[in-house]
Amino acid sequence: MNMSSLDIDYLLTTSDPVAVDNLYEQAAALRDSVYGHNIFLRGLIEISNHCRNNCLYCGIRRELKTQRYRLTKEQILDCCHTGHELGFRTFVLQGGEDAWFTDEVLCDWVAEIKRRFPDCAVTLSLGERGRESFRRLREAGADRYLLRHETADATHYARLHPSEMSFEHRMQCLRDLRDLGYQVGTGFMVGSPYQTLETLKKDLAFIADFRPEMVGIGPFIPATGTPFEQHSAGSIELTLRLIAILRLLLPNALLPATTALGTLHPTGRERAIAAGANVIMPNLSPQDTRALYSIYNNKLSTGSEAAETVADIRARLKAIGFETPVDRGDFKR
Ligand code: 5AD
């Protein structure tokens with residue numbers, strides 16, 4: 001479906017529960033027609049909470065006095081090993097914009113993961129870099145890159161980020177990644193400060209036009225110590241509606257039921273799946289660093305081992321009729 005064939009205003013604002021249920025059902029049916037009853041798992045490895053940026057919303061922003069960590073190559077490979085045994089075939093290396101991550105370091109890590117786990121996809125989520133850096137990482141074996149655009153409205157972007165960050169550069173990164181042959185993920189927070197129906201419609205129009213392979217959206221959740229700590233969290237309902245609309249716009253997209261949704265509501269992720277999502281990203285990071293990757297308050301990170309978490313997630317999905325295949329879960333053209 002394209003933007004003009006959907007009444008986005010109505011879908012985002014109606015209080016008619018029947019209309020909303022229809023939206024979710026249509027989205028879920030469309031997902032099933034492309035991917036069947038499959039939910040794809042990605043093993044999330046939070047490799048560093050050092051960050052050069054000072055995004056106003058983020059709990060690991062530069063100015064925040066918090067304990068910083070960075071995983072070693074061995075720790076990362078251990079996480080992959082654990083993940084592989086658990087049936088993961090995608091590893092997502094996510095982190096702040098850490099200056100320590102030179103191209104040499106990252107290319108070595110990516111190449112080593114691909115060498116040891118040739119049946120796996122590697123996704124990077126490490127913020128903005130130059131085109132040449134993206135090119136080298138792709139050559140080293142990286143398959144996918146996640147870089148949320150955060151908002152498609154330049155004025156809104158400037159209210160969420162310090163002036164040294166550029167909306168144009170972020171969009172340029174997305175175009176470069178696409179050009180270089182990555183499967184590209186973009187996305188935004190729902191209910192971020194100063195977001196309006198108009199900025200949300202711009203997000204949807206941008207996504208409908210750019211047609212990313214993945215779109216990650218989750219509610220904004222305030223983070224203590226940030227300029228936005230007093231703002232309220234985004235709405236779960238609105239997030240679910242947006243997931244469903246994204247599914248209608250991009251039937252083949254890989255849409256995660258994000259941790260932020262699970263953080264705000266115990267069955268938030270199941271509800272996202274009922275609304276058309278088809279990816280879950282359990283945390284494979286080492287126990288002792290999980291709490292430090294606190295991009296927002298109360299971020300879900302159970303005390304249990306990755307293995308337990310995954311068994312629990314699989315069981316919960318099975319109970320609502322979904323399989324979790326041992327598969328890279330690539331985008332279907
Ligand atoms: N609430 C929700 N999501 C957040 N992110 C960063 N800070 C927050 C927050 N306070 C999201 C951003 C970023 C991704 C890694 O996490 O969209 O791109």
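The values are calculated or read from the model by the stated rules, or taken from the named source; none is laboratory data. This is a predicted model, so every value here is computed, not measured. Please note: Cβ atoms are built from the backbone with ideal geometry, for glycine as well, and neighbour counts cover all protein chains shown. Areas reflect the complete protein model, heavy atoms only, side chains present, ligands, DNA and RNA absent. Shrake-Rupley method; radii C 1.70, N 1.55, O 1.52, S 1.80 Å.
Given the residues L23, L11, which is the only one that is open to solvent by less than 20 Å² (accessible area, probe 1.4 Å) and either in a helix (DSSP H, G or I) or over 30 Å from E164 (Cβ atoms) (or both)?
L23
Give the residues of region 190-245 that are of a type outside the set (G, A, S), within 13 Å of the ligand (Cβ to nearest atom) and within 18 Å of the chain's Cα centre (by Cα), sorted by residue number.
Within region 190-245, V190, D203, M214, V215, I217, P219, F220, I221, P222, I236, T239 meet the criteria.
Please go through (1) part of a helix (DSSP H, G or I); (2) free of Cβ contacts under 8 Å to residues at least 60 places away in the same chain for L240 and return the number of the only condition it doesn't satisfy.
So the condition that L240 fails would be (2).
With the requirement that a residue be more than 16 Å from the ligand (Cβ to nearest atom) and buried (at least 22 other Cβ atoms within 10 Å of the Cβ), what does region 54-79 give you?
Once the filter is applied, which keeps residues that are more than 16 Å from the ligand (Cβ to nearest atom) and buried (at least 22 other Cβ atoms within 10 Å of the Cβ), region 54-79 yields only C79.
Is it true that some residue in region 38-52 is open to solvent by less than 80 Å² (accessible area, probe 1.4 Å), in contact (Cβ under 8 Å) with a residue 12 or more places away in the chain, more than 18 Å from S125 (Cβ to Cβ) and in a loop (DSSP other than H, G, I, E, B)?
Within region 38-52, the subset open to solvent by less than 80 Å² (accessible area, probe 1.4 Å) is 38-51.
Adding the requirement that they be in contact (Cβ under 8 Å) with a residue 12 or more places away in the chain leaves 38-51.
Retained after the next criterion (residues that are more than 18 Å from S125 (Cβ to Cβ)): 38-39.
Now narrow it down to the ones that are in a loop (DSSP other than H, G, I, E, B): 39.
Yes, that holds for at least one residue.
Which of (1) in a helix (DSSP H, G or I); (2) surrounded by fewer than 22 Cβ atoms within 10 Å (Cβ to Cβ); (3) free of Cβ contacts under 8 Å to residues at least 60 places away in the same chain is the odd one out, the single condition A28 does not satisfy?
(3)
Right, A142: surrounded by fewer than 18 Cβ atoms within 10 Å (Cβ to Cβ) and of a type in the set (A, V, I, L, M) or not?
no
Can you tell me which residue is modelled with the lowest pLDDT among those in region 265-278 that are within 15 Å of the ligand (Cβ to nearest atom) and open to solvent by less than 10 Å² (accessible area, probe 1.4 Å)?
The residue in question is G268.
Rundown of residues vs (1) in a helix (DSSP H, G or I); (2) modelled with pLDDT of 95 or more; (3) hydroxyl-bearing (S, T, Y); (4) over 24 Å from A29 (Cβ atoms), yes/no style:
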position	(1), (2), (3), (4)
R247	yes, yes, no, no
T263	yes, no, yes, yes
S294	no, no, yes, yes
N298	no, no, no, yes
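Output the residue which, of all residues in region 195-237 that are part of a loop (DSSP other than H, G, I, E, B) and touching a helix residue (DSSP H, G or I) at 6+ places or on another chain (Cβ under 7 Å), is least open to solvent (accessible area, probe 1.4 Å).
Filtering region 195-237 for residues that are part of a loop (DSSP other than H, G, I, E, B) and touching a helix residue (DSSP H, G or I) at 6+ places or on another chain (Cβ under 7 Å), the one least open to solvent (accessible area, probe 1.4 Å) comes out as I221.
Hey, can you tell me all the residues within region 284-333 that are of a type in the set (D, E, K, R) and either open to solvent by less than 40 Å² (accessible area, probe 1.4 Å) or within 16 Å of the ligand (Cβ to nearest atom) (or both)?
Scanning region 284-333 gives R290, K299.
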